[in-house]
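Student: Pasting a structure below so you can have a look.
Read-outs: derived from the displayed coordinates by stated rules, not from any lab. Here the structure is a predicted model, which is why all the values come from computation and not from measurement. When we count neighbours, we look across all protein chains shown, and the Cβ atoms used for this are built from the backbone with ideal geometry, even at glycine.
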Amino acid sequence: MFGGTIMVGQIADSSRLLSGIALATLTAGALTAAGLGGATTASASCASFFGIGNSTECSSNLTSIAIAIGTNAQAHADGLFGAALAVGNQANATNEGSSLFGGALAQGDGAAAFNRTSSLLASSIALGNRAVASSGGAIGMTWAAGSNTYSYTGGDISTGGPAFGNIAIVIGDSNAYQAGAAAQGIGNVAVSLFSPSSAHDFGSNVVAGGVVNFAANLFGPNSKAYAGYEGFAPLQQSGTFNTAFSSFSAGSTVKAIGPLSTAGSLFQTGATVTKHGPGFNINGVSVGGAAATGQPAAAAAPGAANAPRPTATGHRKPHAATKRRAGQ
């Protein structure tokens, strides 16, 4: 579906632009907040600019700024040339130490945005109550927009593999249970739009893992789309140049395991569509490859949430929490 060189280049350009915009926006907000003077207090809100005004809730260094607004909100810009802004009760925005050129924005009660250790040009944006965005590797763009959404970019969790040019986006409220998207490896894109989980966390889940894979779930409640990945934690399988999509399908599971495979579900309910090897399988219509199926899914669909998941509290080691298996 994508040319490797072109796609990775586009991802890099998009993420650089996002990082610049996020950093500029947070810097402008910091300067505005600085003018408020006594409006911030240690118990409710705080600000730290270029290493001045550090506290338990807010910390920065000579090259960064951090602002937290809300009861028990925290902002920590511990990396170089970064900005962290948290708005909301118990919101947390963190650029971990050794991160470089990171922008973290968390807005909403219990929202959390992390740029993890050694990340480069990473943008993490969490908008909504209990939304979580966690970026790792180089040039990562991670958005979670909506209550109970979760997005993750990084490398292979089981091997600590490289991460570059990944994009993970979740848009749309998910009510009581988390809906997620994770892009892990090199040049992967995972997108979930208005696809809530209604029975358990990550009932709606999108994962693209490996090299240049694309996975999407559009208007698909409780559906899953896996590209280059079979849906079992931790991420061990990874493929190349695969596309998996679910659109207007409820409770369906789509897997493009690859290499060079495309799998899709359109307007189906409770379907399982899988594609191994080159070719495609759309709604059970298959061309190429040795194994392709399109049949109703079992009552308990395999591979629910398997993306790593940070907590929304505590800022010093959110990356450790990301390595836990998410609840199904």
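Student: By the scheme Lys and Arg +1, Asp and Glu -1, what is the net charge of all other residues having a beta-carbon under 15 Å from that of P259?
Tutor: On the way: positive: K255, K275; negative: E230.
Cβ neighbours under 15 Å give a net charge of +1.
Student: At a Förster distance of 45 Å, what's the computed FRET efficiency of V287 paired with F50, Cβ-Cβ distance as r, to 0.05?
Tutor: My answer for the efficiency is 0.15.
Student: Moving to a separate point now. Label the stretch 166-241 by shape, choosing from rounded, prolate and oblate, from the square roots a ≥ b ≥ c of the eigenvalues of the Cα gyration tensor; if a/c is under 1.5 it is rounded, and otherwise prolate applies when a/b is larger than b/c, oblate when it is not. Before the final figure, lay out each step's value.
Tutor: On the way: a/c = 2.45, a/b = 1.73, b/c = 1.41.
Taking the square roots of the gyration eigenvalues as a ≥ b ≥ c, the stretch 166-241 is prolate.
Student: First measure r as the distance between the Cβ atoms of D173 and F248, then evaluate 1/(1 + (r/R0)^6) with R0 = 30 Å and state the FRET efficiency to the nearest 0.05.
Tutor: Taking R0 as 30 Å, the efficiency between D173 and F248 is 0.95.
Student: Another question, if that's okay. Decide, for the stretch 46-192, between rounded, prolate and oblate: order the square roots of the alpha carbon gyration tensor eigenvalues as a ≥ b ≥ c, take rounded if a/c falls under 1.5, and otherwise choose prolate if a/b is larger than b/c, else oblate.
Tutor: On the way: a/c = 2.53, a/b = 1.20, b/c = 2.12.
Note, shape of the stretch 46-192 comes out oblate.
Student: L127's amide H: which non-local residues (gap 5+, or another chain) put their own amide H closer than 5 Å, with H modeled 1.01 Å from N in plane and none for Pro or chain starts?
Tutor: Residues meeting the criterion, in which the H sits 1.01 Å from N, are Q107, A144, A145, G146.
Student: Then there is this: Run the numbers for L266 and S98: contour at 0.36 nm per residue of separation, minus the present Cα-Cα distance, in nm.
Tutor: Values: separation 168, 0.36 × 168 = 60.48 nm, distance 4.36 nm.
Length gained between L266 and S98: 56.1 nm.
Student: Additional query: Within 12 Å, Cβ to Cβ, of A66, how many net charges do the neighbouring residues add up to if Lys/Arg are +1 and Asp/Glu are -1?
Tutor: On the way: positive: none; negative: E57, D78.
Summing Lys/Arg as +1 and Asp/Glu as -1 gives -2.
Student: I've got another one for you. Please give me the summed charge of the neighbours of S286: other residues whose Cβ is under 15 Å from its Cβ, Lys and Arg +1, Asp and Glu -1.
Tutor: Numbers: positive: K255, K275; negative: none.
It works out to a net charge of +2.
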